[in-house]
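Working notes for the structure below.
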Amino acid sequence: MIAVTPRDDDFRSILVVCTRQIGDVLLTTPLIRAAKTRWPAARIDVLGFAGTLGMLEGNPDIAGRIEVRPGSGWWSSLGLIRRLWRRYDLALVTQRSDRAFWYALVAARVRAGLLMGPRRFDWWKRPFLAHGLVITDAHAHVVGEKLALLAPWVDASAATAPLVVEPPALQPLPTALAGALRERYVVVHAPSMWRYKQWPVEHFRVLIAELLADGEQVVLSGGPGAADQAVVAALRDLGTAPALLDTSGSLSLGQLAALLRAAALYIGPDTSITHLAVASGTPTISLYGPTPPTVWGPWPQGQRRSDPPWRPTAPLQRRGGVTLLQGPGACVPCGRAGCEDHAASRADCLVALEPQRVIDEARARLAGRVAA
């Protein structure tokens, strides 16, 4: 690997490469904050897929966002490559893909990145990295994994608790919505990007009906895409405004963060908006199935890096204002894409996560019987 010399420590421009989904982008913000703390005068840009970098809008640690189209080939990327060529002193590659590595190789003179582990897969990358990171702990959380990219320059033992930075509210909530919100409301986010992470819509219907019967105001959230809208559409008939409000597809991520910050409770599955709710400091109930929470669970604010927030499996876990519920089964969490191991797979553990468990925890949280 490339030796890191004292001269290499004077970084004035840094590129963070995060070509993954929107939740991954949000969980990269502790790394970005740590880099900005270490090099306060440095310009930090983030390169990611188009449509995923909205989580970084207004982030005070970031100077610029560079979007690339998912699936775009090298020929269509030539213009971007010319723009990136040796523009940065340091590049931090937050995932193991070849494409992300090539962007870093083009862009910066010093590079740190994640490696697959077995040398036969990425032997060719190692000579070009000042710091190549192989994660040997199968339960390492992605927040700590990304922060470890700074190991040559930042003393982990001296680091403060990692901070997941939510987008600020650059625009106020729509007037009609702001006027309809009660002093206390519950945000329910039902859609998941992948079917194997989807808690059944029928279960959400039972949950929402019970919350409404308890006199709670329920606010539905979701994206503007067809898949999200189909899930939310199956819930709209459970009530009418103002008891049931639908904000799906109508808010920016900054506005959604503002909505979450004032909520009495948020309930949602393993998805980016659940991570956003926790980052916003909202009391949260998160619903997990196949995904290992030790790796991908929400990162509670104030959580120390040396103290893993979640055990691999437990029916109910609480950390501060966050509750994590898992479906039953000896195979949980399997770490696969559901029972059939593909994006559209079923997940029997989520089907078996009964609505009453979520209802009981929601009532306990709302009644103040669970310490924040």
Residue among PRO40, PRO30, PRO70 that alone is over 18 Å from the mean Cα position of the chain (by Cα) and under 21 Å from THR271 (Cα atoms): PRO70
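Condition check ((1) in contact with a Gly (Cβ under 9 Å, 6 or more places away or on another chain); (2) assigned to a strand (DSSP E or B); (3) not assigned by TED's automatic domain parsing to the domain that holds TYR266) across all residues:
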residue: LEU324; (1), (2), (3): yes, yes, no
residue: GLY335; (1), (2), (3): no, no, no
residue: CYS339; (1), (2), (3): no, no, no
residue: ARG346; (1), (2), (3): yes, no, no
Filter segment 215-247 for residues that are in contact with a Lys or Arg (Cβ under 9 Å, 6 or more places away or on another chain), of a type outside the set (D, E, K, R) and crowded, with 19+ Cβ neighbours inside 10 Å and give the result. GLN217, LEU220, LEU235, LEU244
Among the candidates ALA330, ALA352, which residue alone is out of contact with any helix residue (DSSP H, G or I) (no Cβ under 9 Å at 6 or more places or on another chain), assigned by TED's automatic domain parsing to the domain that holds PRO283, among the hydrophobic types (A, V, I, L, M, F, W, C) and over 27 Å from VAL187 (Cβ atoms)? ALA330
So which residues in segment 287-309 are within 16 Å of ALA161 (Cβ to Cβ), in contact with a Pro (Cβ under 8 Å, 6 or more places away or on another chain) and in contact (Cβ under 8 Å) with a residue 40 or more places away in the chain? GLY297, TRP299, GLN303, ARG305, PRO309
Would you be able to say whether some residue in segment 285-300 is under 16 Å from TRP194 (Cβ atoms), surrounded by fewer than 22 Cβ atoms within 10 Å (Cβ to Cβ) and either in contact with a His (Cβ under 7 Å, 6 or more places away or on another chain) or of a type outside the set (Phe, Trp, Tyr) (or both)? yes
For the list (1) surrounded by 13 or more Cβ atoms within 10 Å (Cβ to Cβ); (2) in the same structural domain as GLN303 (by TED's automatic domain parsing), I need the number of the one condition that ALA169 fails. (2)
Working carefully through the options ALA100, ALA108, ALA104, ALA112, find the one that is within 21 Å of the chain's Cα centre (by Cα) and surrounded by 13 or more Cβ atoms within 10 Å (Cβ to Cβ). ALA100
Residue in segment 305-322 that is farthest from SER345 (Cα to Cα), counting only those that are of a type in the set (A, V, I, L, M, F, W, C) and part of a loop (DSSP other than H, G, I, E, B): TRP310
What's the number of the condition LEU325 fails, among (1) farther than 23 Å from ARG205 by Cα; (2) within 19 Å of the chain's Cα centre (by Cα)? (1)
Which one is modelled with the highest pLDDT, of the residues in segment 60-97 that are farther than 23 Å from ASP24 by Cβ and in contact with a Lys or Arg (Cβ under 7 Å, 6 or more places away or on another chain)? ASP89
Can you tell me which residue is farthest from PRO312 (Cα to Cα) among those in segment 127-151 that are modelled with pLDDT of 90 or more and exposed (fewer than 13 other Cβ atoms within 10 Å of the Cβ)? PRO127
Take the residues in segment 7-27 that are farther than 15 Å from GLU67 by Cα and basic (Lys, Arg), then tell me which one is farthest from the chain's Cα centre (by Cα). ARG7
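The values are calculated or read from the model by the stated rules, or taken from the named source; none is laboratory data. What you see is a predicted model; the values in this text were computed from it and never measured. No Cβ is skipped: glycine too gets one built from the backbone with ideal geometry, and neighbour counts run over all protein chains shown.
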